[in-house]
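In what follows, a structure is listed as structure tokens, so that the remarks can point back to it.
The values are calculated or read from the model by the stated rules, or taken from the named source; none is laboratory data. In this text the structure is predicted, and so the values were computed from the model without any measurement. Note that each Cβ is placed from the backbone with ideal geometry, even for glycine, and that neighbours are counted across all protein chains shown.
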């Protein structure tokens, strides 16, 4: 299906194999050219792909037709490059926050990925936040500036707690340590003779 802002929805049929080849090259955030019969080429983004859970066959694809002069919102994957020495030595862990950024821009300015160099992270607690990322030309990042992208963290130590030993419970014996209750005493019903 092809739909978009100020565009009538159109149902289309695509060759599954050809689509998969193209989709592997462009992904969800790069423009594809759709040729529908003799119409002019439509610029679109792949918005949804449904596959058979059993066989993986292509079931349905949604294309979002864009206007090249109107800004759109899209998610762009974050790709990490480089190496953190502490992590590669096994002395720390790398924690991921965001895996994609929400970006607003013209369709022609939409980057395929946001690349983040993590080799500058040297110590435990070094981090990269959204505000530390370069903004691609023509784009505005919509995520909060303080959202975490990646952080070097100390290893979490797994401490196994020993099960507490059962405490010796004192079970009171009925009547032991108690004064005998007299008939007619407080709390006791008087007995009739």
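Does residue 14 fit the bill of being touching a strand residue (DSSP E or B) at 6+ places or on another chain (Cβ under 6 Å) and either in contact (Cβ under 8 Å) with a residue 60 or more places away in the chain or on the phi < 0 side of the Ramachandran plot (or both)? Against the criterion (touching a strand residue (DSSP E or B) at 6+ places or on another chain (Cβ under 6 Å) and either in contact (Cβ under 8 Å) with a residue 60 or more places away in the chain or on the phi < 0 side of the Ramachandran plot (or both)), residue 14 does not qualify. Evaluated against (1) within 16 Å of residue 5 (Cβ to Cβ); (2) surrounded by fewer than 17 Cβ atoms within 10 Å (Cβ to Cβ); (3) more than 25 Å from the chain's Cα centre (by Cα), residue 104 falls short on exactly one condition, (3).
Number of residues in segment 1-20 that are exposed (fewer than 10 other Cβ atoms within 10 Å of the Cβ) and not in a loop (DSSP other than H, G, I, E, B): the value is 3. The single condition among (1) surrounded by 17 or more Cβ atoms within 10 Å (Cβ to Cβ); (2) farther than 30 Å from residue 14 by Cβ; (3) without any contact (Cβ under 8 Å) to a residue 40 or more places away in the chain that residue 46 does not meet is (2). Among the residues that make up segment 25-37, is at least one of them in a helix (DSSP H, G or I), in contact (Cβ under 8 Å) with a residue 12 or more places away in the chain and in contact with a strand residue (DSSP E or B) (Cβ under 9 Å, 6 or more places away or on another chain)? For segment 25-37, residues in a helix (DSSP H, G or I), in contact (Cβ under 8 Å) with a residue 12 or more places away in the chain and in contact with a strand residue (DSSP E or B) (Cβ under 9 Å, 6 or more places away or on another chain): present.
Among the candidates 79, 83, 70, 48, the residue that is closer than 23 Å to residue 135 by Cα and part of a strand (DSSP E or B) is uniquely 79. Among the residues in segment 99-115, are any over 30 Å from residue 35 (Cβ atoms), assigned to a loop (DSSP other than H, G, I, E, B) and not assigned by TED's automatic domain parsing to the domain that holds residue 8? Within segment 99-115, one or more residues are over 30 Å from residue 35 (Cβ atoms), assigned to a loop (DSSP other than H, G, I, E, B) and not assigned by TED's automatic domain parsing to the domain that holds residue 8.
For segment 51-63, a residue qualifies if it is in a strand (DSSP E or B) and in contact (Cβ under 8 Å) with a residue 40 or more places away in the chain, and the qualifying residues are 58, 60, 61, 62, 63.
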